[in-house]
Amino acid sequence: MERNVTDLLSVADEAGTPCYVYDLADLRAGRQSLLAALPARAELRYALSANPHPELLREIREAGVLPAVRSSGELDAALVAGWPGRDVLYTGPARRDADLEWALGLGVRTFAVDSPVALDQLARRAAGRPVRCLLRVNACGSVRAGADPDAVFAEPSRFTGRDGVRVVGLHVCADADADSAADLTGRLISVLAREGGPVERVGFTGFAPRFAHLLAGGPFVSFEVDRELVGSAATLVTAVLDVRFSGGGQTAVLESGANHIGPFAGRHRRPLTPKLISRPLSGDLVDTVLIGPQETPFDVWAPALRLPPLRPGDVLAVPDLGAWGVTAGLAAFSGADLPSEVVVDRDDPGAGVVHVSRLSVARYP
């Protein structure tokens with residue numbers, strides 16, 4: 001949701017630029033929209049990799065959304081936000097023994113696995129503690145994460161439980177075609193049920209209620225969301241440091257670049273739409289390239305925009321950066337300060353600024 005320009009400038013005056021401005025009201029609106037569309041016998045999980053800011057996590061937890069983590073650091077953030085270990089899904093394709101020991105010691109008992117090796121490792125580290133697993137399957141044609149369905153069909157016994165470790169469900173990428181993914185999921189449910197017992201739940205990466213309807217009457221369903229929940233909850237406010245004109249266009253050098261915005265940007269992020277907020281618009285729109293302060297070719301984060309003529313000192317607001325923002329940027333590259341992160345709540349006009357903090361990179365002996 002677009003924020004009031006005066007409010008953004010007021011926050012920027014107080015906190016300085018660059019800064020991320022998170023609005024809890026936008027987070028609530030996104031959360032309610034997802035919950036309203038949630039089918040029966042389904043739940044939401046939030047992938048902390050999108051944004052682990054503690055104030056956002058507390059707000060997400062209060063509505064009953066559950067956490068999905070991929071590291072010991074994200075697990076710690078979930079516990080600090082108030083989720084007990086038993087509510088956490090620990091996922092991700094690669095985990096050290098130390099990561100599993102840490103998670104098990106903190107009460108985590110549900111894991112996503114995508115290979116026989118991962119199942120064997122978890123069984124060793126669990127050491128008799130009862131553990132539940134979702135078998136993550138690659139339904140998107142990508143080799144990046146998830147077991148190959150053909151391998152599961154060929155040797156299903158290798159992908160079922162171990163001593164103390166039960167495979168109770170599946171985890172499937174929801175970016176795949178709905179009908180084909182639902183068909184694949186149904187076939188996998190049948191195979192796993194024959195080998196290791198009934199499939200109790202199916203998790204999907206992304207929010208796709210159509211999958212739940214296609215599996216109606218079957219297992220409990222969960223959707224692991226990220227941008228869908230927090231994407232609209234943040235605006236980056238950043239200043240123009242320099243402007244170069246050439247060939248009828250302009251190149252603006254900003255305070256922020258790949259050090260403040262995740263270069264991969266996550267799944268299906270909306271195009272960047274920066275707006276000039278520090279003065280009234282004037283002049284015709286011109287071809288604009290926005291680059292960051294890093295002296296590298298990859299620090300071009302908006303190569304083809306139409307903006308008014310800019311000048312040093314102008315302030316831009318870039319909405320919809322609640323997911324894969326500062327925590328996904330090249331935080332340690334060049335050693336520059338990271339932006340302030342300011343939390344406000346438009347639902348409570350009297351609250352003012354709720355929280356201000358700044359991440360830092362530290363070296364330990």
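Of the residues screened, residue 109 is one that is closer than 19 Å to residue 43 by Cα and basic (Lys, Arg). Within the range 20-36, the set of residues being of a type outside the set (Ser, Thr, Tyr) and closer than 20 Å to residue 348 by Cβ comprises 21, 23, 24, 25, 26, 27, 28, 29, 30, 31, 32.
Looking at the range 326-347 only, could you name the residues that are modelled with pLDDT under 90 and of a type outside the set (S, T, N, Q)? If the condition is that a residue be modelled with pLDDT under 90 and of a type outside the set (S, T, N, Q), then 326, 328, 329, 330, 331, 332, 333, 335, 336, 337 are the ones that fit.
Let's see how each residue does on (1) among the small types (Gly, Ala, Ser); (2) buried (at least 22 other Cβ atoms within 10 Å of the Cβ):
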residue: 45; (1), (2): no, yes
residue: 62; (1), (2): no, no
residue: 88; (1), (2): no, yes
residue: 97; (1), (2): no, no
residue: 117; (1), (2): no, no
residue: 123; (1), (2): yes, no
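Scan the range 209-258 for residues that are in contact with a Pro (Cβ under 8 Å, 6 or more places away or on another chain) and among the polar types (S, T, N, Q) and jot them down. If the condition is that a residue be in contact with a Pro (Cβ under 8 Å, 6 or more places away or on another chain) and among the polar types (S, T, N, Q), then 232, 235, 238, 250, 256 are the ones that fit. Cβ-Cβ contacts under 7 Å between residues 6 or more apart (or on different chains), taken from a first residue in the range 178-201 that is exposed (fewer than 15 other Cβ atoms within 10 Å of the Cβ) to a second residue that is of a type outside the set (Lys, Arg) and assigned to a helix (DSSP H, G or I), are listed as 178/211; 178/214.
Identify, please: which residue in the range 334-351 is within 16 Å of residue 254 (Cα to Cα) and of a type outside the set (Gly, Ala, Ser) and is, among those, surrounded by the most Cβ atoms within 10 Å (Cβ to Cβ)? Selected residue: 339. Could you please let me know if residue 24 is touching an Asp or Glu at 6+ places or on another chain (Cβ under 6 Å) and among the aliphatic types (A, V, I, L, M)? Yes, satisfied. Is it the case that the range 121-134 has a residue that's touching a Cys at 6+ places or on another chain (Cβ under 9 Å) and within 22 Å of residue 76 (Cβ to Cβ)? Yes, because at least one residue in the range 121-134 is touching a Cys at 6+ places or on another chain (Cβ under 9 Å) and within 22 Å of residue 76 (Cβ to Cβ).
Filtering the range 121-152 to residues that are within 25 Å of residue 84 (Cα to Cα), not hydrophobic (A, V, I, L, M, F, W, C) and not in a helix (DSSP H, G or I) leaves 128, 129, 130, 132, 136.
Scanning the range 337-352 for residues that are more than 24 Å from the chain's Cα centre (by Cα) and either of a type in the set (A, V, I, L, M, F, W, C) or under 14 Å from residue 19 (Cβ atoms) (or both) yields a total of 1. Taking residues in the range 227-240 that are farther than 15 Å from residue 343 by Cα and not assigned by the TED database to the domain that holds residue 207, and partners anywhere that are of a type in the set (Ser, Thr, Tyr) and outside any strand (DSSP E or B), the pairs with Cβ atoms closer than 6 Å and at least 6 places apart or on different chains are 238/17; 238/256; 239/17. Each residue in the range 232-254 was checked for being closer than 16 Å to residue 329 by Cβ and either among the aliphatic types (A, V, I, L, M) or modelled with pLDDT under 95 (or both), and 4 of them qualify. For the range 51-58, the condition holds for no residue, the condition being that it is among the hydrophobic types (A, V, I, L, M, F, W, C), more than 17 Å from residue 207 (Cα to Cα) and at pLDDT below 95.
The values are calculated or read from the model by the stated rules, or taken from the named source; none is laboratory data. All values reported here derive from a predicted model rather than from experimental measurement. Every residue, glycine among them, receives a Cβ derived from its backbone with ideal geometry; neighbour counts consider all protein chains shown.
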